[in-house]
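What follows is a short report on a single structure.
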Amino acid sequence: MAALYRLLPFSAQREKTAALKRRTEEIIKISERNLKNMDFSLFLPNLANIWSKYWQLFLFTGLKNTLILTTISVSLGTVLGTLIAMMKMSKLRIVRFIASVYIEVIRGTPILLQLYVFYFVLPNIFTFLKLSQFMWVSISLCINSSAYVSEVIRSGIQAVDKGQTEAARSLGLSEGQTMVKIVLPQAVRNILPALGNEFIMMLKETSLASTFFLGDIMTSYLVVKGVSYLTLEPLTIVAIIYLCVTYPLSKVVEKFGKKMANPNSYGARKRNNLHTKGNV
């Protein structure tokens, strides 16, 4: 009986997975049928009608949850990624080995597989952790992000000229003081633009959370599609929302990256352009 009792949570998870699979198959069948019978002359009226009815669901629920999930994942991923980067640069071989295995495993497996492990497997192993499904998915995305951020931070630190470290050590600074006061302030210039790109990438990767119906933008799309039996119109709205968020962010990160790469020449070039326009 004890063994059977231990198997009950996994049985419940299997039932949940089967129900999720059935629901997904139903949605796919409805989508295929609607696309075959779609009248494209009604596309714009249907698009406007869906937006007028469900814009709050897309923005105040879907977009809000997506931004929360992305912010949690990248913020905690940056903290964890910094720790992994320091381990990767450690003088101890075993520490470097652990960090390398962590990075290779996370970067070498699909993010959807990691989400399944954290959503279905780990809650049954760590039963004492009373975490919500949203938090399990957030932790999974955080760990995925940390593997990539760690390499960004490590490359940013190693890009700082070694002469800076040698000069600081010759002045009597310890290794920790050298890292905090000399190396990291210079490495931030290389790291921040890449972290901006990681935020944009994670913003799009959170769409995989819709597999578990966690309330992100893609979940809003699935809900609207299930209610309206329309596929292309809500999908178009989701695409426009993603584009309206990611495109300005990518331009800001691009401009910030150029300025951080060579702040003096970038500022001088901007001033010269303004001066030239003023003379014209």
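The values are calculated or read from the model by the stated rules, or taken from the named source; none is laboratory data. Every value quoted in this text rests on a predicted model; they were computed, and no experiment measured them. Quick reminder, even Gly has a Cβ in these numbers, built from the backbone with ideal geometry, and neighbours come from all protein chains shown.
This table checks each residue for (1) closer than 29 Å to Ile241 by Cβ; (2) touching a Lys or Arg at 6+ places or on another chain (Cβ under 7 Å); (3) surrounded by fewer than 12 Cβ atoms within 10 Å (Cβ to Cβ).
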position: Leu42; (1), (2), (3): yes, no, no
position: Phe58; (1), (2), (3): yes, no, no
position: Thr61; (1), (2), (3): yes, no, no
position: Ile84; (1), (2), (3): no, no, no
position: Lys91; (1), (2), (3): no, no, yes
query = Within the set of pairs 6+ apart or on separate chains, which have a first residue in the stretch 48-76 that is farther than 16 Å from Val223 by Cβ, a second that is crowded, with 17+ Cβ neighbours inside 10 Å and of a type in the set (Asp, Glu), and C-beta atoms under 7 Å apart?
reply = Leu69/Asp216; Val74/Glu198
request  = Look at Gly156 and say whether it is free of Cβ contacts under 8 Å to residues at least 40 places away in the same chain, closer than 19 Å to Phe199 by Cβ and not polar (S, T, N, Q).
outcome  = yes
key: Search result, residues across the stretch 189-235 that are closer than 30 Å to Ala159 by Cβ and either of a type in the set (Gly, Ala, Ser) or more than 20 Å from the chain's Cα centre (by Cα) (or both)   = Arg189, Ala194, Gly196
note = Looking across the stretch 77-116 at residues that are of a type in the set (S, T, N, Q) and outside any loop (DSSP other than H, G, I, E, B), the single one that is farthest from Glu175 (Cα to Cα) is Gln114
message = Here is a list: Thr211, Thr231. Which entry is of a type in the set (S, T, N, Q), touching a Lys or Arg at 6+ places or on another chain (Cβ under 8 Å) and either in contact (Cβ under 8 Å) with a residue 60 or more places away in the chain or surrounded by 18 or more Cβ atoms within 10 Å (Cβ to Cβ) (or both)?
response = Thr231
key: Residue in the stretch 26-40 that is modelled with the lowest pLDDT, counting only those that are of a type in the set (Lys, Arg) and surrounded by fewer than 12 Cβ atoms within 10 Å (Cβ to Cβ)   = Lys36
inquiry  = Need the failing condition index for Gln13 against (1) under 23 Å from Cys142 (Cβ atoms); (2) surrounded by 11 or more Cβ atoms within 10 Å (Cβ to Cβ); (3) at pLDDT 70 or above, just the number.
reply    = (3)
query = With respect to Val74, is the statement that it is assigned to a helix (DSSP H, G or I), modelled with pLDDT under 95 and hydrophobic (A, V, I, L, M, F, W, C) true?
reply = yes
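One line per residue, one yes/no per condition, for (1) touching a Phe, Trp or Tyr at 6+ places or on another chain (Cβ under 7 Å); (2) in contact (Cβ under 8 Å) with a residue 60 or more places away in the chain; (3) exposed (fewer than 14 other Cβ atoms within 10 Å of the Cβ); (4) within 17 Å of Met89 (Cα to Cα):
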position	(1), (2), (3), (4)
Trp136	yes, no, no, no
Cys142	no, yes, no, no
Ser146	no, yes, no, yes
Asp161	no, no, yes, yes
Ser170	no, no, yes, no
Gly176	no, no, yes, yes
Met179	no, no, no, yes
Pro185	no, no, yes, no
